[in-house]
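The values are calculated or read from the model by the stated rules, or taken from the named source; none is laboratory data. Source: prediction; values computed, not measured. Neighbour counts run over all protein chains shown; Cβ positions are idealised from the backbone, glycine included. Quick note on the areas: whole protein, heavy atoms, side chains included, nothing else; ligands and nucleic acids left out. Shrake-Rupley method; radii C 1.70, N 1.55, O 1.52, S 1.80 Å.
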Amino acid sequence: MVDRSQRGAARSVAQARFPMTTDIRGSKGSVFYRAHSYHTKVPVESIVQLIEHYTDVGDVVVDPFCGSGQTGVAAMLTGRHAVVSDLSPAAVHIARGYTARVDPVRFAKAASRLLNRLAPVERELYGVSDGRIEYTVWSDVFRCATCARDILFWEAAVDHRAGQVTRSLSCPAGHGPFNKSDLDWVGSRPVQQNTSVDGQRARVVEPARTSRDITTLDRSSIPFWFPVEPWERWREMWRAQHDAQGIDTSADFFTNRNLYALAALWDAIEQVDDETTRVGLRFVFTASVNRASRRYQWHPSRPTNVLSSTMYLASLNYEFNVFSLFRRKLSTITQMYEQLWQACGSCEVHQGSAESLDWLADGAADYVFTDPPFGSNIFYGDSSFLWEAWLGDRTDVAAETVINKRLTDELGRTTLDGYEKAVSRAMEEIGRVLRPGAWASLQFHNSDDAVWSAIQNAVDSAGLSVQAAVVMDKGQASFKGLRHHQKGEKVANFDLVLHLASGSQLGMRPPRREIGRTDIQRVLEAYVAHQPPSRCTTPWLHSQAMRHLIASSASPAGWSFAAVEALCDETFERRGNSWRPRTKTA
């Protein structure tokens, strides 16, 4: 258990600090951000700003919803000691991989030996006469509803010259058009490959043959262990598509070739003797797993992407060379370990619920930064399914701090009320472990005012009070944020950071201030008058409305994303995706 008496530098009374009132900016381009994907991730540089504002070197920093462990990385880089934790086995694995003290030289040598030993496997699976396949594009095949002929999606739906894909399909005999959702799916075929030749890449429209016929490679021929974790129908992210395409287990999310390659890699990693090196290599492996699956969509005019918060399989998808993926991630993660090898801070990672931080004594924390689940935005157990299948552990979805949509009561469904109670218990634990006079920062956003109200109630009931609220600008829109920009969807694109002080009576909720529509209108008008168009989109203005309401101890009820957008429509002119002051007429 961590307590202040063990640190030798405990302070009974802290130097007075004021809440940070400036907005926080970060970047998604650092080696730390790029090393391993996660469903939500805060740039390390942003957390560093907060840690340096609220703590001194040697202080204890806590994060009970640690996710990928970026708080731990920030603490290590700044000479603090981090105690981070999460319910999710995948999150704990990733956080430990990020914060492991790995000798980069020994690590690089061990990885090189491992890849050399697997070189014959790569040649067998991805080798061609003049080089190696870097990726293959696979296309769905549907059955014509009229004549039962095969309809290859690649041929029927893709206009390669215009760079467009349509959902309307016709069969080779001219029957149709059909919507693909009305047709039976019959399988997938390789239609294009990208081959590296002497370090160069040349596209070949029709797939070349490796030493194996990839369309007939049978899963039963794989001589190594691979997971077959069931993909159950009760999951939040299960869809009818999975049933139609026979996606019954974790293995079904991969082509047989990539499943073979991953199984060979995992087997080789598990034979590495040094535990620290093995932790690092597993980290590289899971950093590669999702991109090695069938979830990455091919499009003729857009870069590769995977739809976040979904296990959707596109009708055109990539099959990347697993070993090339591993090499690229290995390079990035080795660079990361080089930076952390000299870091003067430390980090310990625990697996467990934020509602019971048993490894922390009362008053052990000098600062808490955390980024709890945003209501029903992400279902972490489902999103981590492929990682956890390989790790041999799984999230207890009934214990997740999320608002369920599909999960039944028998399986542990959580309602909005249950979510508020769970967050309240977590906030009470934060209040318990904070030393007197210490601060906590809670990063959050949601487009639903009811979820915001739940967060506000949870903070109040834990005896904490919001002293300031600032915007966290991560520097680059998420996939959902980009989709909002393109289609105008109502999604929250920026987060708020609430700076919390202790001192209120536990369980007491202060009276809410009354803030009317006119007050919010004035706040938004003052903001838009001094900001560039890029910061005047609906997501930005919703952030400003929530910022004002929460910092003023006013209720956010009634101020959903849609409500703020409606007020903007009355108050401003829309120019593209931005809101600007109305042009005055003579």
In the stretch 406-424, how many residues are closer than 19 Å to residue 450 by Cα and in a helix (DSSP H, G or I)? 9
If we keep just the residues of the stretch 377-408 that are open to solvent by 10 Å² or more (accessible area, probe 1.4 Å) and within 14 Å of the chain's Cα centre (by Cα), which is modelled with the lowest pLDDT? 377
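For the stretch 240-338, which fully contained helices (runs of 4 or more DSSP H) count at least 1 residues that are closer than 22 Å to residue 132 by Cβ and either open to solvent by 10 Å² or more (accessible area, probe 1.4 Å) or in contact (Cβ under 8 Å) with a residue 60 or more places away in the chain (or both)? Lay out the reasoning, then the answer.
On the way: elements: 240-244, 256-270, 275-292.
In the stretch 240-338, 256-270, 275-292 are the helices (runs of 4 or more DSSP H) which contain 1 or more residues that are closer than 22 Å to residue 132 by Cβ and either open to solvent by 10 Å² or more (accessible area, probe 1.4 Å) or in contact (Cβ under 8 Å) with a residue 60 or more places away in the chain (or both).
Based on this model, can you work out whether residue 196 counts as surrounded by 14 or more Cβ atoms within 10 Å (Cβ to Cβ), touching a Leu at 6+ places or on another chain (Cβ under 6 Å) and of a type outside the set (A, V, I, L, M, F, W, C)? So that I can check it myself, show each step before the final result.
Values: surrounded by 14 or more Cβ atoms within 10 Å (Cβ to Cβ): yes; touching a Leu at 6+ places or on another chain (Cβ under 6 Å): no; of a type outside the set (A, V, I, L, M, F, W, C): yes.
Judged against the criteria, residue 196 is not a match.
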For the stretch 293-332, which residues satisfy the criterion of being more than 17 Å from the chain's Cα centre (by Cα), over 21 Å from residue 32 (Cβ atoms) and of a type in the set (A, V, I, L, M, F, W, C)? 298, 313, 314, 316, 320, 322, 323
What number of residues within the stretch 405-432 satisfy the criterion of being more than 28 Å from residue 369 (Cα to Cα) and hydroxyl-bearing (Ser, Thr, Tyr)? 1
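Can you tell me which residue is nearest to residue 45 (Cα to Cα) among those in the stretch 74-93 that are among the hydrophobic types (A, V, I, L, M, F, W, C) and part of a helix (DSSP H, G or I)?
Taking the stretch 74-93 as the starting set, the residues that turn out to be among the hydrophobic types (A, V, I, L, M, F, W, C) are 74-77, 82-84, 87, 90-92.
Within this subset, residues satisfying the condition of being part of a helix (DSSP H, G or I) are 74-77, 90-92.
Numbers: 74: 7, 75: 11, 76: 12, 77: 10, 90: 23, 91: 20, 92: 21 Å.
If we take residues in the stretch 74-93 being among the hydrophobic types (A, V, I, L, M, F, W, C) and part of a helix (DSSP H, G or I), then 74 is nearest to residue 45 (Cα to Cα).
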Has the stretch 552-567 got at least one residue that is assigned to a helix (DSSP H, G or I), modelled with pLDDT of 90 or more and touching a strand residue (DSSP E or B) at 6+ places or on another chain (Cβ under 8 Å)? no
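In this structure, is residue 490 assigned to a helix (DSSP H, G or I) and modelled with pLDDT under 95? First the steps, then the outcome.
Values: assigned to a helix (DSSP H, G or I): no; modelled with pLDDT under 95: yes.
Against the criterion (assigned to a helix (DSSP H, G or I) and modelled with pLDDT under 95), residue 490 does not qualify.
For the stretch 21-59, which residues satisfy the criterion of being outside any loop (DSSP other than H, G, I, E, B) and of a type in the set (Ser, Thr, Tyr)?
Step one: filter the stretch 21-59 for residues outside any loop (DSSP other than H, G, I, E, B), giving 24-25, 31-35, 44-54.
Answer for the stretch 21-59, where residues must be outside any loop (DSSP other than H, G, I, E, B) and of a type in the set (Ser, Thr, Tyr): 33, 46, 54.
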Kindly indicate whether residue 209 is open to solvent by 20 Å² or more (accessible area, probe 1.4 Å) and at pLDDT below 95. yes
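So which of 147, 66 is out of contact with any helix residue (DSSP H, G or I) (no Cβ under 6 Å at 6 or more places or on another chain), at pLDDT 95 or above and not in a helix (DSSP H, G or I)? Give the derivation first.
Details: 66 fails: out of contact with any helix residue (DSSP H, G or I) (no Cβ under 6 Å at 6 or more places or on another chain).
None of the other options fit; the residue is 147.
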Give just the number: which of (1) among the aromatic types (Phe, Trp, Tyr); (2) under 18 Å from the mean Cα position of the chain (by Cα); (3) within 30 Å of residue 249 (Cα to Cα) does residue 369 not satisfy? (3)
Any chance the stretch 94-106 includes a residue that's in a helix (DSSP H, G or I), more than 27 Å from residue 374 (Cα to Cα) and open to solvent by 20 Å² or more (accessible area, probe 1.4 Å)? yes
Can you tell me which residues in the stretch 150-159 are open to solvent by 10 Å² or more (accessible area, probe 1.4 Å) and closer than 12 Å to residue 184 by Cβ? 150
Could you pull out the residue among 381, 345, 392 that is on the phi > 0 side of the Ramachandran plot and touching a residue at least 60 places away in the same chain (Cβ under 8 Å)? 392
Apart from one, (1) in contact with a strand residue (DSSP E or B) (Cβ under 9 Å, 6 or more places away or on another chain); (2) open to solvent by less than 40 Å² (accessible area, probe 1.4 Å) all hold for residue 118; the odd one out is (1)
Could you run through the stretch 568-586 and say how many residues are surrounded by 12 or more Cβ atoms within 10 Å (Cβ to Cβ) and outside any helix (DSSP H, G or I)? 8
